[in-house]
1. Can you tell which of A:Glu38, A:Glu47 is touching a Lys or Arg at 6+ places or on another chain (Cβ under 8 Å) and surrounded by fewer than 20 Cβ atoms within 10 Å (Cβ to Cβ)?
2. Which residue is farthest from the chain's Cα centre (by Cα), if the candidates are limited to segment C:134-169 and must be surrounded by fewer than 24 Cβ atoms within 10 Å (Cβ to Cβ) and touching a residue at least 24 places away in the same chain (Cβ under 8 Å)?
3. In segment B:295-321, what residues are among the basic types (Lys, Arg) and away from chain A (no Cβ under 14 Å)?
4. Residues C:Gln277, C:Gln259, C:Gln320: which one is outside any loop (DSSP other than H, G, I, E, B) and touching a Gly at 6+ places or on another chain (Cβ under 7 Å)?
5. Can you tell me which residue is nearest to the chain's Cα centre (by Cα) among those in segment C:322-343 that are acidic (Asp, Glu) and at the interface with another protein chain (Cβ under 8 Å from one of its Cβ atoms)?
6. Provide a single number: the residues in segment A:104-115 that are among the hydrophobic types (A, V, I, L, M, F, W, C) and in a loop (DSSP other than H, G, I, E, B).
7. For B:Ala294, state whether it is over 26 Å from C:Arg32 (Cα atoms) and either surrounded by 19 or more Cβ atoms within 10 Å (Cβ to Cβ) or in contact with a Phe, Trp or Tyr (Cβ under 7 Å, 6 or more places away or on another chain) (or both).
Amino acid sequence: MNVSDIQIFLQQFFDQVELVGDGGVDITGPARIEQASEGEVTFVANEKYSKYIDSTKASLLIVGTQLPVGQYSNRHTFLKVKDPYTAFVFILEKYAAPRKIASPGIAPTAVVGRNVRIGSNVSVGEYAVIGDGCSIGDDCLIAAHCVLMDGVSIGDHCILFPHAVCYDSVRLGNRVTLHTGAVIGADGFGFAPQREGSYIKIPQMGIVEIGDDVEIGANTTVDRATMGSTVVEHGAKIDNLVQIGHNCRIGSDTVIASQTGVSGSVVIGSRCMIGGQVGMAGHLALADRTRVAAKAGITKTFSKQGQVLRGYPAQDMKDQLRQEALIRNLDRMKARLDALEAELEAMKKRSNPAFTA
Amino acid sequence: MNVSDIQIFLQQFFDQVELVGDGGVDITGPARIEQASEGEVTFVANEKYSKYIDSTKASLLIVGTQLPVGQYSNRHTFLKVKDPYTAFVFILEKYAAPRKIASPGIAPTAVVGRNVRIGSNVSVGEYAVIGDGCSIGDDCLIAAHCVLMDGVSIGDHCILFPHAVCYDSVRLGNRVTLHTGAVIGADGFGFAPQREGSYIKIPQMGIVEIGDDVEIGANTTVDRATMGSTVVEHGAKIDNLVQIGHNCRIGSDTVIASQTGVSGSVVIGSRCMIGGQVGMAGHLALADRTRVAAKAGITKTFSKQGQVLRGYPAQDMKDQLRQEALIRNLDRMKARLDALEAELEAMKKRSNPAFTA
Amino acid sequence: MNVSDIQIFLQQFFDQVELVGDGGVDITGPARIEQASEGEVTFVANEKYSKYIDSTKASLLIVGTQLPVGQYSNRHTFLKVKDPYTAFVFILEKYAAPRKIASPGIAPTAVVGRNVRIGSNVSVGEYAVIGDGCSIGDDCLIAAHCVLMDGVSIGDHCILFPHAVCYDSVRLGNRVTLHTGAVIGADGFGFAPQREGSYIKIPQMGIVEIGDDVEIGANTTVDRATMGSTVVEHGAKIDNLVQIGHNCRIGSDTVIASQTGVSGSVVIGSRCMIGGQVGMAGHLALADRTRVAAKAGITKTFSKQGQVLRGYPAQDMKDQLRQEALIRNLDRMKARLDALEAELEAMKKRSNPAFTA
């Protein structure tokens, strides 16, 4: 592909793709701006990286429409678009080597149960086990060693990496990706305490429903509901090693970073951004577009949309940062207290010398 | 099943099961009180849910013996028992659809090693691998893709969900459940530092012993001991993504929520309740019935029974909450300090105007 | 083996191994000093354990060259070496029962792709799946159910426990150990936000490179780079359930305890020691030999070597501990403020009684 090919490719996604420089230069692949070699394409979406424009060896730079590039145009070629970051993502995809998740067709070692419906153009890898009554849509890739217990239903264009597991009756929408070790639909953590101190297990009879365009990271666990459904709405992205408890609802286009834990029956709104290692107590809710800083511990409902939370117990970011600053200055507060006490003592002595000794 | 059938069923577990209403109503299944439809059974174990009694569409409500239900008896039927929550758990179980963990018998694709003892009525799923010298008790369900390395011993009535793994010589008691991705007996994290900065691995020669009636969540790891045993005593319940380090002892009927990490050689007493994302430093102990709030970091032994701990470093809940309140009021303390200083300055000026300027 | 055999064995590793007592005593195996029985060998590397020398039933004690043992020499036999802890590790290894990771050879049920290079003396366990174009060095043990996607390259003497997974193009050095459920090379968590609130996936085109002598714990995830490599340098030891984000570099001989999370593009130096449940924000760096206390949250770069960090936001350990002490004494500060205000009020009244009332 040369620069002009990339221009034509990007015109599928953007109204305007302006070429500044030589469209005939061959482009071998994408790279980071600091590391790019001659012949490679890179991008500048953030002012922080503008400083590299001068020195980068990349032959093609994808930049914003506003960026003045005239001074560099004898050295590099530019394509100017509205959203250079997204444009570069499309270019990455274009150059990505095809990755084999599973060979075409049903591997001879895959075990497929009774009454299974498998769509067209589906790959099922070696040793995958598909339980009775499962349904798999078109164009799915189920890699080696995946297990679908009975009655699992999967939409079209899903990708299950090796060793992903769905317990019985889990439902995935279209274009869902499960990474290796993701466990969808294991039993919620529910036990009824008995008088003498032991517990009896509460049967976890519900299911998990995963919406369209959801991606779930490696070794993440999403527990089934006790009754009803645990729901991850369309477009949500969940990182590795996250725990989603039983009966939770994760809103559409919400992003949850690694190692965060969501206790049972929590309702998270749409378009939230949850940092890593966050914890949430059970039965609370977060409004749409809530953002939570890493490591926060949410102990109550926050129902105002778009709030930014931090700390444990989590509170509004501004309040939390003010308190953190006060804590960093506690030794100064203590010194001021010491000084005040000394001064007051001195004043008392001055005003009434007879009291001393 | 109709209401009378349920009454008779519950009489197995409770001395008194009082019927208020029509025993002939057919009950189709259990549901949450807010979501129940006509024909379903629900329960009220907690006053918070009494408000739904009036509006629920459920036909049968399981309630406490003390609850006055007369005013609703023309609308719903009631069964009154001492512990409606536990009664409802039994009803859940009664209605639960049978779940196939593994088909009866040893799957033809399962690999069973030499000198393996397998009890009666055992199911071993597709592609499960049972190492040499393993012993599996009666009525066990070992799902697809489970791996038992050599010398693993499993009691009766155990359930291993797909992809559960036991390293060599691990011992499980009776009625143990391992969820998918649980790893029992991986090497403890032990390395001897060498002078030049590298490490040599300390062989982890011990085992893991899991007592009766233990349930271990998805992707949880319980490491083997360096020497001796890591022990999880009977009745303990461990949630998903928990880490139990080498040589720990987890007491009987202790409950540990998701993503908690227990460092090596920690001893946790019986009937403790440990919240999620708690961390414990190595070699410490918690007395029986200790309760630990989520996200706490335990840095020392707490030997008084029944304490409630919170915070990092964890301390008695009351002390911790008092400190959290003080922190929330730090800006007020600072304002008071400012005022005091100003006032003192003013007093000094008044008492000795000559000092100013 | 008797004591003299052990002496000769240790002389491979230490210049001086001094025998005090009877070299002919038979030694059956290693044990902890408090739990050892007659015939067993134990060690004292730490003064804390000297108190057990008198009472231990062990027949042989490995101790430091400086330890005076004369008074006990009629009861036990001693071998004196420079580093008794490391000496004991070698003894542990010597007595360790051989552990079968996989039977010799390629299991008949293993699936090996096209153009795979397999070295000499390699074991590949039941149902392992080796993708096209993989390369496996000599003396490797690949256990049952491991999956190597296409193009994975593994050095010599590696051990992959059951269910370890490497995504495509991952590279492992020599003597690398992956425990069960470790996932190397899953996609980094990268999504480009779109105007209307949804995300598009950023193709993760990079790889993971693991250096020599690295051990990676059960259910730990190391994500592949977006472009370039995520790198774990030689000698690093990573515990269970750790998350290493895309494009990170973990320095040589660095140790990371369980449940720690490292966000994308973090660079950790050599010989660092990172406690459990630590979190690190993206794009920061830690200098060589940095030590981080458990549960810390690192929010910025620390470029001074050898620093000890603690708390959230993490800071120098000494500053953090001073602040924690101040927080524990906040109620006292508040009491002092109360007293000062009262006293000042009283002074005002005394100095100007007319103002009161």
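1. A:Glu38
2. Selected residue: C:Asp150.
3. Answer for segment B:295-321, where residues must be among the basic types (Lys, Arg) and away from chain A (no Cβ under 14 Å): B:Lys300, B:Lys304, B:Lys318.
4. C:Gln320
5. Filtering first and then ranking leaves C:Glu324.
6. Total satisfying the criteria: 2.
7. yes
Per-residue answers, yes or no, for (1) closer than 17 Å to B:Val170 by Cβ; (2) touching an Asp or Glu at 6+ places or on another chain (Cβ under 7 Å); (3) surrounded by 24 or more Cβ atoms within 10 Å (Cβ to Cβ); (4) modelled with pLDDT of 95 or more:
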residue	(1), (2), (3), (4)
B:Asp223	yes, yes, yes, yes
B:Gly228	yes, no, no, no
B:Val231	yes, yes, no, yes
B:His234	yes, yes, no, yes
B:Asp239	no, no, yes, yes
B:Gly245	yes, yes, yes, yes
B:Thr254	no, no, yes, yes
B:Gly264	no, no, no, yes
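The values are calculated or read from the model by the stated rules, or taken from the named source; none is laboratory data. Computed from a predicted structure; not experimentally measured. Here the Cβ is made from the backbone with ideal geometry for all residues, glycine too, and neighbour counts use every protein chain on show.
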